[in-house]
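Only one structure is covered here, and it is reproduced in the block below.
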Amino acid sequence: MSNTFHVLGISGSLRAASLNTRFLQAMDRLRPENVSFTRYTHLDTIPLFNADREDHPCPALTHWRSALARADLVLLVSPEYAHGVTGVMKNALDWIVSSGELLDKPLAFPNLSPRARLAHSQLAETLQIMGCRQLTTCSPQATLAAPYVLPDADEQTLATHPEIGPRLQALWRNIAEELSALR
């Protein structure tokens, strides 16, 4: 079996300057050589969930489901809005509850904010119901607050910061170890 794996990064925020998006961009910069990384940037194209439309063809849903199916691991980060999971994230997940793209799929979802407790727990519950393999490295209790040291930093600054960069590299090592153990 190959030691190379493909990671799909998903930000639950549509904001261009989102901390979650910058985190994924920094993770891409720091990814190990045996990792291919794709950031999913089309959550805003997914229609509002309607169970009556689950079996109807829709290019945005086909794209979403295909991206998830191709990934060996999903790295999902999402902010908390009004004490809950963002609408765009919840909507995207609702579309794949019954289609099963996350069933047994390794998934890491570090919490970037020490203030985001409720949404992260809600997300953990939703992901558990969907049957994915939540990596223990990134459990709801694992908060990666380092990016808050520089809230306006770009991905290069996050990746090279003497405090944040090593934490992100350690996260990659932990993810790689857990993923290897699952294989």
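Restricted to region 99-123, and to residues that are more than 26 Å from SER180 (Cβ to Cβ) and assigned to a helix (DSSP H, G or I), which residue is least open to solvent (accessible area, probe 1.4 Å)? Within region 99-123, the match that is least open to solvent (accessible area, probe 1.4 Å) is ALA119.
Taking the condition farther than 20 Å from GLY9 by Cβ and at pLDDT below 85, does PRO114 pass? Here the answer is yes, as PRO114 does meet what is asked.
In region 124-148, what count of residues is obtained for those that are at pLDDT 90 or above, open to solvent by less than 30 Å² (accessible area, probe 1.4 Å) and either in contact with a Pro (Cβ under 8 Å, 6 or more places away or on another chain) or part of a loop (DSSP other than H, G, I, E, B) (or both)?
3
Going through (1) in contact with a helix residue (DSSP H, G or I) (Cβ under 8 Å, 6 or more places away or on another chain); (2) closer than 27 Å to ASP154 by Cβ one by one, ALA71 falls short only on (1).
Restricting to region 64-98, give me the number of residues that are part of a strand (DSSP E or B), over 20 Å from ILE175 (Cβ atoms) and touching a residue at least 60 places away in the same chain (Cβ under 8 Å).
1
Looking at region 5-58 only, could you name the residues that are part of a helix (DSSP H, G or I), closer than 23 Å to PRO162 by Cα and open to solvent by less than 60 Å² (accessible area, probe 1.4 Å)? Let's see the steps before the verdict.
Of region 5-58, the ones part of a helix (DSSP H, G or I) are 19-30, 43-45, 51-53.
Those left that are additionally closer than 23 Å to PRO162 by Cα: 19-30.
Within region 5-58, LEU19, ASN20, THR21, ARG22, PHE23, LEU24, GLN25, ALA26, MET27, ASP28, LEU30 meet the criteria.
Kindly indicate whether ALA69 is within 23 Å of GLN128 (Cβ to Cβ) and surrounded by fewer than 20 Cβ atoms within 10 Å (Cβ to Cβ). When the stated conditions are applied, ALA69 passes them. Report yes if some residue within region 172-183 is modelled with pLDDT under 75, open to solvent by 40 Å² or more (accessible area, probe 1.4 Å), part of a loop (DSSP other than H, G, I, E, B) and within 18 Å of LEU8 (Cβ to Cβ); otherwise report no. Within region 172-183, one or more residues are modelled with pLDDT under 75, open to solvent by 40 Å² or more (accessible area, probe 1.4 Å), part of a loop (DSSP other than H, G, I, E, B) and within 18 Å of LEU8 (Cβ to Cβ). If you check ALA82 against the conditions, is it out of contact with any helix residue (DSSP H, G or I) (no Cβ under 8 Å at 6 or more places or on another chain), open to solvent by 50 Å² or more (accessible area, probe 1.4 Å) and of a type in the set (A, V, I, L, M, F, W, C)? Yes, satisfied. Annotation: VAL88 fulfils all but one of (1) open to solvent by 40 Å² or more (accessible area, probe 1.4 Å); (2) over 12 Å from the mean Cα position of the chain (by Cα); the unmet one is (1).
The values are calculated or read from the model by the stated rules, or taken from the named source; none is laboratory data. It should be emphasised that the depicted structure is a prediction, and the values quoted were computed from it without experimental measurement. Cβ: placed from backbone, ideal geometry, glycine included. Neighbour counts: every protein chain shown. SASA here: full protein model, heavy atoms, side chains in, ligands and nucleic acids out. Shrake-Rupley method; radii C 1.70, N 1.55, O 1.52, S 1.80 Å.
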